[in-house]
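Down below is the structure, laid out as C-alpha cells.
Throughout, read-outs are computed from the coordinates displayed, never taken from laboratory work. All of these numbers come straight from a predicted model, not from anything done at the bench. We place every Cβ from the backbone using ideal geometry, glycine too, and count neighbours over all the protein chains shown.
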Amino acid sequence: MKAVVFHDIGDIRLDEVPEPTIQEPNDAIVRITASAICGTNLHMICGTMAGMQPGTILGHEAVGVVEEIGPNVRNLKRGDRVVVPSTIACGYCSYCRAGYYAQCDTVVPNGTAFFGGPKESGPFDGLQAEYARAPFANVGLVKLPDGVEDDKAIMRSDIS
Ligand SMILES: [Zn+2]
Ligand SMILES: [Zn+2]
C-alpha cells in the first residue's frame, strides 16, 4: 500500500509499504478514505519534535471503513464507517474512566499515545496511508452516520 513515511528531518516520502495486520485482540484494520495534514506534522519536517523513528508512517487524523477486527472488538463490524481519533487509549484505566483519554496510563504510561508520532508516543504507525491498524479500536473508533461526509467527519478526529 502507499503511505507517507518519515525518513529523516525534512525527508518525508510517499512509499510502498506492507499493509498492517491485526496484532492485538482489540485491534481493527481501517481502510482510510480521508486523511488530513495537521500543523503537528510540521514538527516532523522541521525537526522540532524529538524522537521520530525512521520508517514511521505519519498522520493522526482520518476517516475510514473497518476492514477487519480482532476477536475482542464487539462494538464494530466490517463495513462500519468510522472516525479515527488522533489519540490511542485503553478505556479502562482511571484516567480513561474519567474521560481523559489523552492521559491514558496503559498504552503509554506517563505520556500520550497517538498515531504517527515519536518513540515516546508508542510509536504507532499513522493514518496518512491506505490502511491503518487501530489499537484499542473498541474504545477509540467512532461510528459515523451515513449522512455525514468524510470531509466534515474528519474535523472530529483531532481538533474538536
Ligand atoms: Zn492533528
Ligand atoms: Zn487508559
Inter-label distance for T48 and M155, nm, one decimal - labels placed 7 Å from Cα along Cα-to-Cβ: 2.5 nm
Could you work out how far the C-alpha centroid of the range 13-28 sits from that of the range 88-123, in angstrom? 19 Å
For a footprinting-style exposure proxy, rank M1, M52 by other Cβ within 10 Å, fewest first. M1, M52
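Out of every Cα pair in the range 2-141, what percent are spaced more than 19 Å from each other? List each step's numbers first, then the result.
On the way: 4645 of 9730 pairs.
Cα-Cα pairs of the range 2-141 separated by over 19 Å account for 48 percent.
What length, rounded to one decimal in nm, is gained on full extension from R31 through to K77, with 0.36 nm per residue of separation minus their alpha-carbon distance? Before the final figure, lay out each step's value.
Numbers: separation 46, 0.36 × 46 = 16.56 nm, distance 1.30 nm.
Full extension of this stretch gives 15.3 nm more.
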In nm, to one decimal, how far is the K143 label point from the I22 one, both placed 7 Å along Cα→Cβ? 1.8 nm
Treat the count of other C-beta atoms within 10 Å as a stand-in for reagent exposure and order F115, F6 from fewest to most. F6, F115
Reachable aspartates and glutamates, given that their alpha-carbon falls under 17 Å from the alpha-carbon of K77 and they are not under 8 places away in the same chain: E24, D27, E67, E68, D146
Partner lysines whose C-alpha sits under 18 Å from that of K152, ignoring same-chain residues fewer than 8 away, are K143
Once you put a point 7 Å from the Cα of D11 and another 7 Å from the Cα of E120, both along the Cβ direction, what distance in nm separates them? 2.4 nm
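Let's see if you can work this out: charge +1 on each Lys and Arg Cβ, -1 on each Asp and Glu Cβ, no other charges. What is the dipole magnitude of the chain about its Cα centre, in debye to the nearest 20?
Working: 13 positive and 20 negative charges, 97 e Å.
The dipole of the chain has a size of about 460 debye.
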Of P20, H43, T87, farthest towards positive along the dipole that unit charges on Lys, Arg, Asp, Glu beta carbons give the range 2-141: T87
Once a ≥ b ≥ c are taken as the square roots of the eigenvalues of the Cα gyration tensor of the range 88-146, is the result rounded (a/c under 1.5), prolate (a/b larger than b/c) or oblate (a/b not larger than b/c)? oblate
